[in-house]
Structure formats: structure tokens, C-alpha cells
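K.L.:
Below you will find the structure I want to go over with you.
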Amino acid sequence: AHTSRRRQLSTVARRQMRLIRADRGYLIFLSLLPFILGGLSILVPGSDGFGPPSPGAEPGELAFILILLILGACFMGSSLTVRDLVGERMIYHRERAAGLAPSAYLIAKIVVFCAAAIVQSFLLVLVVLIGKGTPGAGSVIPSGSVELVVNIALTTCACVVVGLALSAVARSGEQVMPLLVVTVMVQLVLSGGLIPITGRAVLAQLSWLSPSRWGYAATASTTDLRAKDPTAEADVLWQHATSWWLLSAGMLLLLGIVYATFTYTRLRLRAR
């Protein structure tokens with residue numbers, strides 16, 4: 001009870017890292033996942049990749065690549081953490097009774113899993129860049145490839161917190177997988193890349209709460225989707241401009257804070 005929150009945070013973070021290293025099957029899964037998801041993006045028909053479409057090119061190639069990248073980011077981030085809190089619930093209750101601060105516990109989880117998510121995001125984008133080429137200049141960063149990594153990392157980290165929120169809501173481990181599947185599918189729909197959502201009542205408003213919506217907007221802005229794919233929806237968020245990219249990146253950070261606050265509230269309630 002007299003241990004500082006900083007010491008508690010460090011202890012929980014180091015324990016979480018040891019747990020990940022100890023589970024070899026889980027570690028192998030985490031290591032292979034970005035390569036598998038990146039390989040799916042490479043399978044998109046077409047040879048233009050992130051470049052401008054050539055005459056007679058496969059329509060929608062860039063849009064499909066971005067959809068798969070965002071879907072991969074959502075799946076990687078959520079799957080990292082969706083089992084975590086519900087699996088440690090009894091341990092958390094005992095440690096909470098001994099003086100563990102919910103904030104230290106949650107922040108330690110976020111730090112460790114976001115670090116893993118950033119590594120996975122880098123590998124995912126690297127595989128896609130090798131297979132599909134590199135984009136031009138980004139909306140903010142001169143290197144579009146670096147900006148693309150930032151986009152996917154922000155989306156994956158936001159989904160890490162979404163996974164923690166789902167884990168805090170789930171009452172048992174059996175509820176985790178259905179929640180994960182439904183959440184990933186909903187995010188796919190609300191991304192705006194699969195079906196048009198601009199101007200559609202309710203659907204457009206719900207998409208504001210989805211990391212996939214802002215992650216897809218950021219990647220579309222980085223790659224200048226509106227100019228390179230004439231079949232793509234003319235979404236204002238996809239403009240290749242600094243202000244629109246910053247809006248999308250800022251919303252991803254904001255959503256991470258919102259879902260982290262929700263998870264923190266659930267942890268406090270569970271401890272009573």
C-alpha cells in the first residue's frame with residue numbers, strides 16, 4: 001500500500017513483458033501476424049500500388065490496400081489485449097486489495113502493448129511497401145512511407161485500448177472472441193473505405209467513435225487517395241493536406257484517451 005505508483009507501474013510493466021516472453025506460442029503468433037496480414041495486402045490485384053494509376057490499371061487497387069492495412073491494424077491492436085484484463089481479473093482484485101492503483105495497472109498495460117503494436121505496425125507496413133512500392137510525399141512528413149507507418153501505428157495503438165475496454169467489459173473468457181469479431185467487423189464497415197458513410201445519418205456519427213474511420217482517413221490523406229483513385233468516394237477527410245491529416249491523427253489520440261478513461265472507470269468499479 002505504500003509503494004509509489006511509479007514503482008507499481010514499473011513492476012506491472014516488467015511482469016507483463018515476462019508473461020509475453022514466457023508464452024512462446026503467443027509470441028510466435030504476434031511475430032507472424034504482421035507478415036500474414038501484410039501478405040494479404042500484397043495479394044490485391046494490380047501493379048500500381050501506391051503510385052498513380054496507369055492506363056487500363058485494376059480499379060480500386062490503392063483503396064483495397066488501405067482497407068486491408070486498416071483492417072490489419074484493428075485486428076492486431078484489439079487481439080493483443082482483448083484477453084488480458086478478463087484473464088487477470090482475480091489477480092487484479094487481490095492486488096487491488098493490497099494497494100495496487102488502477103491507473104498504474106492500466107498505464108503499464110497500455111505502454112507495453114502499444115510498444116508491441118508499434119513494432120507490429122512497422123513490420124506490417126514494411127511488408128506492404130516491399131510488395132507494392134512506396135507512396136510519394138506525405139501530408140505532413142516528407143516521406144510518405146514514414147507517415148504511413150505513423151498512421152498504422154496510431155490506429156493499432158488506439159485499437160490496443162479498444163481491446164482493453166472490451167476485456168474490461170467481458171464477464172468471462174468465452175465472451176472475448178465474439179466481442180473481438182463483432183468489433184473488428186464493425187470497424188471495417190465504419191472505416192469509410194468499404195462502403196460510403198459520408199452524409200448517412202447515424203452511420204456517419206457512429207464512425208466518429210471508430211479508430212478505423214480516422215486511421216483510414218489518415219492513410220487516404222497520406223497516399224492522396226482522392227487524386228489517385230477516381231472511383232473512390234470524395235470524402236473531405238481524405239484530402240492530401242496537413243490540416244486534415246492532423247485532424248485524423250488527433251482524433252486517434254483522443255479516442256485512445258476516451259477508451260482508456262472508460263477502461264479505467266471499469267477497473268475502479270470492478271475493484272469495489
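The values are calculated or read from the model by the stated rules, or taken from the named source; none is laboratory data. In this text the structure is predicted, and so the values were computed from the model without any measurement. Cβ atoms come from the backbone with ideal geometry, glycine included; neighbour counts cover every protein chain shown. Calculation scope for accessible area: heavy atoms of the full protein, side chains included, ligands and nucleic acids excluded. Shrake-Rupley method; radii C 1.70, N 1.55, O 1.52, S 1.80 Å.
K.L.:
Report the local net charge at A260: Lys and Arg +1, Asp and Glu -1, summed over other residues whose C-beta lies under 12 Å from its C-beta.
P.N.:
Counting the neighbours of A260, the net charge comes to +2.
K.L.:
With +1 assigned to the C-beta of every Lys and Arg and -1 to the C-beta of every Asp and Glu, and no other charges, what is the dipole magnitude of the chain about the Cα centre in debye, to the nearest 20?
P.N.:
It works out to roughly 1760 debye.
K.L.:
Then there is this: If you line up the long axis of helix 242-270 against the longest principal axis of the chain, both from Cα atoms, how many degrees apart are they, to the nearest 10?
P.N.:
Tilt relative to the chain: about 20 degrees.
K.L.:
What's the magnitude of the charge dipole for the range 1-152 around its Cα centre, counting Lys and Arg as +1 and Asp and Glu as -1 at the beta-carbon? Answer in Debye, nearest 20. Let's see the in-between values first.
P.N.:
Working: 14 positive and 8 negative charges, 251 e Å.
Roughly 1200 debye for the range 1-152.
K.L.:
Pairing the Cα long axis of helix 61-81 with the longest principal axis of the chain, what angle in degrees results, from 0 to 90 and rounded to the nearest 10?
P.N.:
Long axis of 61-81 versus the principal axis of the chain: about 0 degrees.
K.L.:
Over the range 1-148, what is the relative contact order in percent, taking alpha-carbon pairs closer than 8 angstrom and at least six residues apart?
P.N.:
38
K.L.:
Between rounded, prolate and oblate, where does the range 112-152 land on the alpha carbon gyration tensor, with a ≥ b ≥ c its root eigenvalues, rounded for a/c under 1.5, else prolate if a/b exceeds b/c?
P.N.:
Details: a/c = 4.14, a/b = 1.46, b/c = 2.84.
Taking the square roots of the gyration eigenvalues as a ≥ b ≥ c, the range 112-152 is oblate.
K.L.:
Output the peptides 210-217, 137-144 sorted from most to least packed, where packing is the average of other Cβ atoms within 10 Å over each peptide's residues.
P.N.:
Values: 210-217: 29.6, 137-144: 16.6.
Sorting 210-217, 137-144 by mean packing, highest first, produces 210-217, 137-144.
K.L.:
Tell me which of L126, A116, A104 sits at the most positive position along the dipole axis of the range 65-128, charges placed on C-beta atoms (Lys, Arg +1; Asp, Glu -1).
P.N.:
A104
K.L.:
Could you tell me which of rounded, prolate or oblate describes the range 194-238, using a ≥ b ≥ c as the square roots of the eigenvalues of the alpha-carbon gyration tensor, with rounded for a/c under 1.5 and, failing that, prolate when a/b is larger than b/c and oblate otherwise?
P.N.:
Oblate shape, in that a/c is at least 1.5 and b/c is the bigger or equal ratio.
K.L.:
If you don't mind, another one. Please arrange K109, K228 by accessible surface area, largest first, computed with a 1.4 Å probe and ligands excluded.
P.N.:
Largest to smallest exposure gives the sequence K228, K109.
K.L.:
Leaving ligands, DNA and RNA out of it, report the carbon-plus-sulfur percent of the accessible area of the range 163-272 at a 1.4 Å probe.
P.N.:
Working: 3670 of 5280 Å².
Accessible surface attributable to carbon and sulfur in the range 163-272 totals 69 percent.
K.L.:
Tell me, what is the percent relative contact order of the chain, built from C-alpha pairs under 8 Å that lie six or more residues apart?
P.N.:
25
K.L.:
Specify which labelled value, from (i) 56; (ii) 65; (iii) 78, agrees with percent of Cα pairs over 22 Å apart derived from the coordinates of the model shown.
P.N.:
(i)
K.L.:
I've got another one for you. Please work out whether the range 103-201 counts as rounded, prolate or oblate from its C-alpha gyration tensor, where a ≥ b ≥ c are the square roots of the eigenvalues and a/c under 1.5 means rounded, while otherwise a/b larger than b/c means prolate and anything else oblate?
P.N.:
Note, shape of the range 103-201 comes out oblate.
K.L.:
Using only Cα atoms, locate the centre of the range 218-248 and the centre of the range 113-142, then give the distance between them in Å, rounded to an integer.
P.N.:
17
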